[in-house]
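Everything on this sheet refers to the single structure shown next.
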Amino acid sequence: MAIDPPQTTRPSKTAGGGLTPKPSGPNKLFAQPDQKFGDFRDDIIRDGYAVIKGAVPRDRADAYAEAMWAYLETFKNKGKGLGFKRDDPSTYTEKHLPVINEKGMCSGYGVNHEDFTWGIRQEPGVVEAFAKVFDTDDLIVSFDAVNMALPGRKDLPANKPWPHQDQDPAKPEFRCLQGIVNLLPNGAQDGGLIVCRGAHRLSEQFHREFSAFEKDPVFRWTQEWYGFTEAGLQWLKEHGGHAQCEWVKVECEPGDLLVWDSRTPHYNLSPTGDHARFATYTCYMPAADASQADLERKKGAFEQTLGTTHWPNAVHVRDHNQPLKRQDGSTCPYSGENAPRKPVSLAERGVQIDGHSVYWCGDDIVVAGEKLL
């Protein structure tokens with residue numbers, strides 16, 4: 001099902017080869033002590049996470065979910081699919097699907113740039129939530145993965161808890177707000193996000209007093225990540241106090257936006273009931289915080305339709321030469337096919353949050369046949 005991207009007004013301020021982005025304003029989250037907003041931002045300050053109800057209208061959320069089901073049913077084989085049928089759990093196996101890991105994540109095959117992923121990124125209610133948090137409308141977006149966790153899969157290893165932060169401990173200030181747009185009903189048994197409520201407020205102290213002296217830390221594949229050991233979790237429990245550092249499984253409805261401070265310990269759960277979990281990982285940051293080198297790297301990722309992590313400045317881009325492996329160790333036969341089913345087509349807001357051509361002092365861009373810059 002085709003979903004027309006939501007329309008927004010174009011940016012107007014230009015300078016040199018690209019727009020000059022407006023940096024975060026004085027009301028950026030955590031910029032001032034004792035902030036009170038009277039909305040979801042107060043939840044983030046207190047708990048480290050929040051749920052923005054109905055950020056995507058229900059009819060559009062349902063359409064995005066339908067598009068994801070259709071993606072799985074028509075995956076490759078000239079659109080005939082590999083035999084997956086949503087109503088037949090016996091087809092919930094690797095030979096009928098793209099590579100989806102035990103955490104439900106799929107990143108490859110150009111899925112990061114499908115029309116449904118870009119449609120969600122351009123949803124006004126999603127973008128506006130991040131604009132409030134950073135106190136600027138000039139944002140760029142990540143090309144992150146999708147989550148398509150199917151219930152009852154026997155061909156995957158167990159999804160073991162992996163509590164972590166997605167931020168460099170050496171940089172303790174608020175730097176990143178992560179996001180998930182939820183697309184199917186997500187209750188207690190439907191998998192999803194679990195967070196350590198309020199632990200973001202202890203992050204700097206934790207890394208100063210505990211992790212700096214840790215003897216057996218969890219391997220860090222990047223500086224922008226930290227994994228908690230059992231001893232580290234015990235430290236949080238002992239220092240959290242009443243009603244703080246409690247692990248909470250976040251429940252939500254289709255169209256809800258879940259956001260959390262990257263300093264908040266978190267991980268995800270797999271479905272244990274009969275219902276699938278569909279969601280997209282969607283994260284934005286101020287364009288002013290990205291360097292020209294970042295934007296050039298982002299340009300390459302966009303042009304090659306590659307995925308990134310949650311960092312919108314494309315600090316990590318998926319290596320297209322790294323094969324997508326199945327559980328038996330074999331390479332998925334479609335591993336090198338990185339193009340989405342259709343060329344990426346963006347509304348003007350999408351061009352702005354993609355960012356590489358708007359804020360990068362390089363190429364001009366064309367939208368709907370009209371030169372934008």
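Stretched out fully, how many nm does the piece from residue 325 to residue 36 gain, at 0.36 nm a residue minus the Cα gap? Working shown, then result.
On the way: separation 289, 0.36 × 289 = 104.04 nm, distance 4.73 nm.
So the extension gain works out to 99.3 nm.
Can you list which of the GluC sites (Glu not before Pro) found in the range 179-214 are DSSP loop residues with at most 15 other C-beta atoms within 10 Å? Please report the intermediate quantities before stating the final value.
Details: sites: 204, 209, 214; in loops: 214.
Listed in order of number, the matching sites are 214.
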* Quick one: which of 55-61, 277-283 comes out on top by average Cβ neighbours within 10 Å, and what's the full order, highest first? -> 277-283, 55-61
* In the structure displayed, which of 53/160; 85/160; 103/154; 22/132 lie more than 18 Å apart, Cα to Cα? -> 53/160; 85/160
* Structure fact -> The set of residues whose placed amide H lies less than 5 Å from the amide H of residue 35, leaving out same-chain residues fewer than 5 positions away, is none
* HN-Hα J in Hz across the range 162-176 - Karplus 6.51, -1.76, 1.60, θ = phi - 60°, x for Gly and Pro -> 9, x, 7, 10, 9, 7, 5, x, 6, 10, x, 6, 5, 10, 9
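Run the helix sum for the chain: -39,500 (n - 2.57) per DSSP H stretch of 4+ residues, divided by residue count, reported at 222 nm to the nearest 500 deg cm²/dmol.
Numbers: 8 runs with 79 residues, N = 373.
Calculated at 222 nm, the ellipticity per residue is -6000 deg cm²/dmol.
Shape of the range 124-226 from its Cα gyration tensor (a ≥ b ≥ c, root eigenvalues): rounded if a/c is under 1.5, otherwise prolate when a/b > b/c, or oblate? Please list the in-between numbers first.
Details: a/c = 2.03, a/b = 1.09, b/c = 1.86.
Cα axes put the range 124-226 in the oblate bin.
Rank these residues by their accessible area, most exposed first, probe 1.4 Å: 270, 335. Could you put the intermediate results ahead of the total?
Working: 270 40, 335 10 Å².
Largest to smallest exposure gives the sequence 270, 335.
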* **Equivalent-ellipsoid semi-axes of the chain, from the Cα gyration tensor, Å, largest first** => 30, 28, 20
* **Length added when fully stretched, residue 221-residue 131, from 0.36 nm per residue minus Cα-Cα** => 29.4 nm
* To do: Measure of size requested: the Rg and Dmax of the range 204-339, with Cα atoms as the atom set and Å as the unit; please supply both.
  => 18.8, 52
* Structure fact -> For the range 111-122, in residue order, the Karplus 3J(HN,Hα) values (coefficients 6.51, -1.76, 1.60; θ = phi - 60°; whole Hz; Gly and Pro = x) are 4, 5, 10, 5, 5, 6, 5, 6, x, 5, 4, 8
* To do: Using Cα positions and a limit of under 21 Å, work out the lysines in reach of residue 80, with same-chain residues fewer than 8 apart set aside.
  => 95, 342
* To do: Can you spot the aspartates and glutamates whose alpha carbon is less than 19 Å from residue 36's alpha carbon? Ignore those fewer than 8 places along the same chain.
  => 47, 128, 135, 173, 261
* Asked: What list of ³J(HN,Hα) couplings, whole Hz, do you get for the range 74-89 from phi and the Karplus terms 6.51, -1.76, 1.60, once you set θ to phi - 60° and write x for glycine and proline?
  -> 10, 5, 6, 6, 6, x, 8, x, 10, x, 5, 9, 4, 8, 10, x
* **Candidates 232, 38, 191, ranked by Gaussian network fluctuation over the chain, Cα under 10 Å, top entry** => 38
* **Coil-residue trypsin sites (Lys or Arg not before Pro) of the range 219-272, DSSP, other Cβ within 10 Å capped at 13** => 220
* To do: Would you calculate the volume per residue, in Å³, of the smallest convex hull containing every Cα atom of the range 215-285?
  => 163 Å³
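The values are calculated or read from the model by the stated rules, or taken from the named source; none is laboratory data. Source: prediction; values computed, not measured. As a convention, Cβ positions derive from the backbone with ideal geometry for all residues, glycine included, and neighbour counts pool all protein chains shown. These accessible areas exclude ligands, DNA and RNA; they are computed on the full protein's heavy atoms, side chains included. Shrake-Rupley method; radii C 1.70, N 1.55, O 1.52, S 1.80 Å.
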